[in-house]
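Worksheet for the structure shown next.
The values are calculated or read from the model by the stated rules, or taken from the named source; none is laboratory data. Please read all numbers here as calculations on a predicted model, not as lab measurements. When we count neighbours, we look across all protein chains shown, and the Cβ atoms used for this are built from the backbone with ideal geometry, even at glycine.
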Amino acid sequence: MADIGNSLEKAFDFVWSRFLDRLDGLTDDEYFWEPVPGCWSVRQDDTGRWRIEGDGAGPTGEPTPDPPPVTTIAWRIGHIGGTFIGFGDRLFADGKITVDDMRYASSATDARAFLDAAYRDWREGIGGIDERRWWSPIGPAFGFYAKDSTVDLALHVFDEIVHHGGEVGVLRDLYRRKDELGGS
């Protein structure tokens, strides 16, 4: 049997590198660009702290609007980093980090550092998982998903990078041609 951990680590590293390449040259204007009114983003609160709107699509206790808001690159980067931090904390630590504990990036430059730190910790954690644990249930810290395996969780996190990373790429493409956008 192939080593699932090694395969997942290689896949994560490949997709992560491709995503970071897509962020090269990201400006603050792009990072915060709102292509339509009412976007969710990362904004300063009354205390000056940067927070992700909609709790990063996490458990807010409030229903997500229908349809959900379009989100900025800042929001999507915050969501990707928050996925690594939140799931990593529950899988490798004490599971006490909340969205209020996260320090979201206030600029495109800070976003890269935020992502680098979040991914480094996630990657270090999955690098230490043995074959048995990959196939074991992730446990009560994951609520409804407690009986899912670590592989299931890793594949979900992988999907978050691919999904939202792709959206970031599309938003960057649209931003470069924003002067040509028009309603039709």
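Taken together, the residues in region 23-43 that are touching a residue at least 60 places away in the same chain (Cβ under 8 Å), closer than 16 Å to Gly81 by Cα and either of a type in the set (D, E, K, R) or not in a helix (DSSP H, G or I) (or both) amount to 1. Residue check: Gly143 meets all listed conditions (1) part of a helix (DSSP H, G or I); (2) of a type outside the set (Ser, Thr, Tyr); (3) modelled with pLDDT of 95 or more but one, namely (3).
Would you point out the residue of region 44-78, among those that are at pLDDT 95 or above and assigned to a helix (DSSP H, G or I), that is nearest to Arg177 (Cα to Cα)? For region 44-78, the residue satisfying everything is Ile73. Comparison of Arg112, Arg120 shows that the only residue that is surrounded by fewer than 16 Cβ atoms within 10 Å (Cβ to Cβ) and in a helix (DSSP H, G or I) is Arg120. Of the residues making up region 98-109, those that are surrounded by 16 or more Cβ atoms within 10 Å (Cβ to Cβ), at pLDDT below 95 and not in a helix (DSSP H, G or I) number 1. Which count do you get for residues in region 123-140 that are under 14 Å from Leu91 (Cα atoms) and either within 18 Å of the chain's Cα centre (by Cα) or in a helix (DSSP H, G or I) (or both)? Number satisfying all stated conditions: 8.
Of everything listed in (1) exposed (fewer than 11 other Cβ atoms within 10 Å of the Cβ); (2) over 28 Å from Val70 (Cβ atoms), the single unmet condition for Gly5 is (1).
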